[in-house]
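The values are calculated or read from the model by the stated rules, or taken from the named source; none is laboratory data. This structure is a prediction, so every number in the text was calculated from the model and none was measured. Cβ placement follows ideal geometry from the backbone for every residue including glycine, while neighbour counts extend to all protein chains displayed. We work out accessible area using only protein heavy atoms, side chains counted, and drop any ligands, DNA or RNA first. Shrake-Rupley method; radii C 1.70, N 1.55, O 1.52, S 1.80 Å.
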Amino acid sequence: MMENKFIFLLLFIVNFTVGQNFVVDYKIIPNKADKITNEMIESDLEMESNLKLVNLHLIYNEDEMKFYMDKVPESVNGNIGSSLFISDVQGVYHRKNNSNDLYVEIEKYGDEEKFIIKKKFITDWKKTGEKKIICGYECLKADCILKVDFGENEIHVLYPISAWYCPQIKYSYGPKGYGKLPGLILEVDENFVSYVAEKVHNDKKEEVISLPLNKKIITESKMHDLMDTTISIDLNKCESNAKKDEMMKVPNTKT
């Protein structure tokens with residue numbers, strides 16, 4: 001009889017966890033001031049205050065993950081633009097478990113709407129042996145030099161990053177799509193900011209996290225071409241408007 005109860009309990013636990021979504025809530029913390037130029041932000045205190053308004057979430061299960069930022073209220077959006085710029089959170093990030101392919105949903109850029117960027121993080125992690133507690137979980141530290149495969153045979157070497165991962169939670173996910181470590185990443189330290197977990201919990205909303213199939217997919221390299229085109233168009237518009245303003249200022253000499 002006791003053996004049957006044990007088998008039932010085991011089956012219940014397996015059925016409960018398979019396919020269930022879990023959530024990690026993150027905050028963005030600015031790094032040391034000597035890494036940040038005065039041109040990018042007015043002050044460290046202002047940026048820290050602005051970034052406290054930003055909430056990020058990693059939703060994951062055994063098959064895939066999604067990472068995104070909550071929409072910032074319009075009443076404060078103008079005050080945190082420069083602070084968010086250095087965090088470089090572009091849109092909604094998707095990645096399958098044990099896959100290097102990272103997909104980022106973009107709502108709009110220039111004339112393009114609702115498309116997906118495809119790229120790959122190349123992370124040759126080196127474990128340091130350092131440990132610390134995050135959200136009650138013991139985490140281990142790993143370092144690497146971040147490389148990104150933009151597609152079109154274009155690989156860029158970016159900057160050193162550190163990740164604190166939890167071997168107790170055996171999912172190879174993290175903020176912004178980082179992974180390839182034997183445990184969930186609860187903190188990532190980038191060049192200017194860190195993404196630090198505040199809470200780990202179940203997804204009560206049962207949110208859909210799969211990558212949409214009805215959007216155009218482009219490489220990061222193509223995205224950069226789109227950015228160059230959009231900037232060029234904007235500059236031409238500015239020059240055209242400036243010429244019109246100058247013409248309006250020229251006094252009419254006709255009598």
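Numbers at a glance
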{"read-out": "Accessible area of region 82-181 belonging to carbon and sulfur atoms, whole % at 1.4 Å probe", "value": "48 percent"}
{"read-out": "His201-Asp63 FRET efficiency (beta carbon distance; Förster radius 25 Å; 0.05 resolution)", "value": "0.85"}
{"read-out": "Region 83-156: radius of gyration over Cα atoms, expressed as a fraction of 2.2 N^0.38 Å", "value": "1.40"}
